[in-house]
Amino acid sequence: MRDETAQGKAARVIPAWMRSTEDTPPVYFLDARGSGANLDDVPTRNRVAGMLRELQQEAAPEKLGGPAIIKVHIGEPLVKTAIIPALAASSVEFLKSRGVGEMAFGDTTVLYSSKRGGRENPDGAVKDYLELASARGWSDLGAPFVVLDRPSTSVPGMFEFDTGALTLEAGPPGRYNQVFAAGAIGVAKSFIQHAHLTGHLLTGLACCMKGIAMGIANRRGKAQMHLSMRPVFNEHLCDMCGDCAARCPESAIEFNPGELPVLDDKRCLGCGQCMAECERRAIEMKGLDSYAGYDWGRGSDTIHARMTDYAVGMMQGLWDSMLHVAHLVRMTSSCDCYNKTLPPICDDIGFLVGRNPFAVDRFAIELLIERISRFADDEMRRNIDIIRKGDPFSYANSAYGIISEAELKTTPIGL
């Protein structure tokens, strides 16, 4: 008999190698600590790119297909420490060596006002985003750059998709019955992510899991995870049955017979369950009109659970053809969405390459804490508690059985 429990459903979504300490593949560490490697030096950069290509060969699953997404984060205009395009280009040569010819670098639009903003880049007029990508060096790398939720940027013969939004079924044990992803994920057969380890206001740290969850979700999905979608009740359609209140997973809707439901804004997850349940179609999910006045720190206690639920929902079918490269270099106190030039919080640590994003993130956190404990100033050391907040691991294990422990195989840069 098929297991229909929550863990049973999770087991069918998550591959066995992510749920077993014996089968979880190793994480490869290209160690730059104390090497003095200067990534602004072109020969050094080329050597590191070659080593990353070799580690991807070691770490990657046997079978990869096209089209492939090489997921990156290009950073805002004033950011000087974002991912170095030439290092991410190591994945182009790696994929070609595996027989994959169709591929593209890509990222999604963002909620806030920006040259990467969704409002500033409607489909068919994505000029600002593409110009920024080109200015930051993401052109002429052997693969085009596309905006994953803007099909007008797709490239015939290399990476084609025809919708900007994709709705995917999710369900227990997560918070969402559906998740909302960028349309391009629907055509990808392989997924390689280059994630930059940085601090983050809401999540403590940003690395692989945030790069999947926030980086692949479309605008509606990002809003859900940021708790910025809210149900609006149509008084003309609502028959005051109370089903929305009864089925809300957070008991965020108050209902009195004969009266219109009332939302408890502080409890609402923005998950859309009430809208899905309403047979009268009397509920619409709406985002906040002004993100400038929004508290982006709201919900920090559950953000990792929400991002894990989203990642699991969106990556169905891709776990076995996925690889992650974490850049633990030029790390700053805020993420690359913060349009400001910031100094690094400590010296470069290196790069992690692995199939399990939870394992990669766990090592990233441990390596960063070890480094700043030894070499950072007192102000940065005081942020260790904030860094430890970046912990999706307990929830991922309890809800989905995902293991984040793995063997670490270290290779010195040796420059």
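The relative contact order of region 132-226, computed from alpha carbon pairs under 8 Å that lie at least 6 residues apart in sequence, is 21 percent. Identify which of 67, 173, 156 has the largest mean-square fluctuation in a Gaussian network model of the chain, with springs joining Cα atoms closer than 10 Å. Per the Cα network of the chain with a 10 Å cutoff, 156 tops the list. Relative to the longest principal axis of the Cα atoms of the chain, the long axis of helix 303-314 makes an angle of roughly 90 degrees.
Shown here are the Rg and Dmax of the Cα trace of region 225-271, at 10.6, 32 Å. In region 1-160 the Cα-Cα distances spread across 10 Å bins starting at 0 as 9, 29, 30, 24, 7, 1 percent of all pairs. Candidate cross-link partners of residue 210 among the lysines, defined by an alpha-carbon separation under 21 Å and a same-chain spacing of 8 or more, comprise 71, 80, 115, 189, 222, 340, 389. Seen from residue 349, the other residues with C-beta closer than 12 Å to its C-beta sum to a net charge of -1, counting Lys and Arg as +1 and Asp and Glu as -1. Computed with the Debye formula from one identical point scatterer per Cα of region 81-222, without solvent, the log10 of I(q)/I(0) at q = 0.09, 0.13 Å⁻¹ comes to -0.27, -0.59. In the frame of its principal axes, region 71-118 has Cα extents of 39, 22, 9 Å, reported largest first. With a ≥ b ≥ c the root eigenvalues of the C-alpha gyration tensor of region 113-178, is it rounded (a/c under 1.5), prolate (a/b larger than b/c) or oblate? Verdict is prolate for region 113-178. Shown here for region 323-368: trypsin sites (Lys or Arg not before Pro) in loop regions (DSSP other than H, G, I, E, B) with at most 13 other Cβ atoms within 10 Å, namely 340.
Could you list log10 I(q)/I(0) for region 299-383 at q = 0.15 Å⁻¹, which the Debye formula gives when each Cα is one point scatterer? With no solvent term, the Cα-only Debye profile gives -0.72.
Residue by residue, region 189-198 carries 3J(HN,Hα) couplings of 9, 9, 9, 10, 10, 10, 10, 9, 6, 9 Hz when phi is fed to the Karplus relation 6.51 cos²θ - 1.76 cosθ + 1.60 (θ = phi - 60°); x denotes Gly or Pro.
Computed with a 1.4 Å probe over protein heavy atoms only, the accessible surface of region 141-229 comes to 27 Å² per residue. With θ taken as phi - 60° and the Karplus curve 6.51 cos²θ - 1.76 cosθ + 1.60 applied, the whole-hertz 3J(HN,Hα) list for region 24-29 is 4, x, x, 10, 9, 10 Hz, x standing for glycine and proline. Can you list the equivalent-ellipsoid semi-axes of region 25-93, largest first and in whole Å, using the square root of 5 times each Cα gyration tensor eigenvalue? Listed largest to smallest, the semi-axes of region 25-93 are 22, 18, 11 Å.
With angles folded into 0 to 90 degrees, how steeply does helix 42-59 sit against the dominant principal axis of the chain? Use alpha carbons for both and round to 10. Compared with the principal axis, the helix lies near 60 degrees. Phi-derived couplings, Karplus 6.51 cos²θ - 1.76 cosθ + 1.60 at θ = phi - 60°, listed residue by residue for region 78-84: 8, 6, 9, 10, 5, 3, 7 Hz, with x used for Gly and Pro.
Under the criterion of Cα pairs below 8 Å and six or more residues apart, the relative contact order for the chain equals 25 percent. When the charge dipole of the chain is built from unit charges on Cβ atoms (+1 for Lys and Arg, -1 for Asp and Glu) and taken about the Cα centre, the candidate among 55, 238, 182 whose Cα reaches farthest toward its positive end is 55.
Rolling a 1.4 Å probe over the protein heavy atoms of the chain, with every protein chain left in place, gives an accessible area that is 48 percent carbon and sulfur.
The convex hull of the Cα atoms of the chain, projected and averaged over all directions, covers 21.1 nm².
Using a probe of 1.4 Å, the accessible surface attributed to residue 35 totals some 40 Å² when neighbouring protein chains are kept in position. For region 174-228 versus region 390-415, the inter-centroid distance based on Cα atoms is 18 Å.
The values are calculated or read from the model by the stated rules, or taken from the named source; none is laboratory data. Because the structure is predicted, anything quoted here is derived from the model rather than measured. Cβ coordinates were reconstructed from backbone atoms using ideal geometry, including for glycine residues, and neighbour counts include every protein chain displayed. Surface accessibility is based on the protein's heavy atoms, side chains included, excluding ligands, DNA and RNA. Shrake-Rupley method; radii C 1.70, N 1.55, O 1.52, S 1.80 Å.
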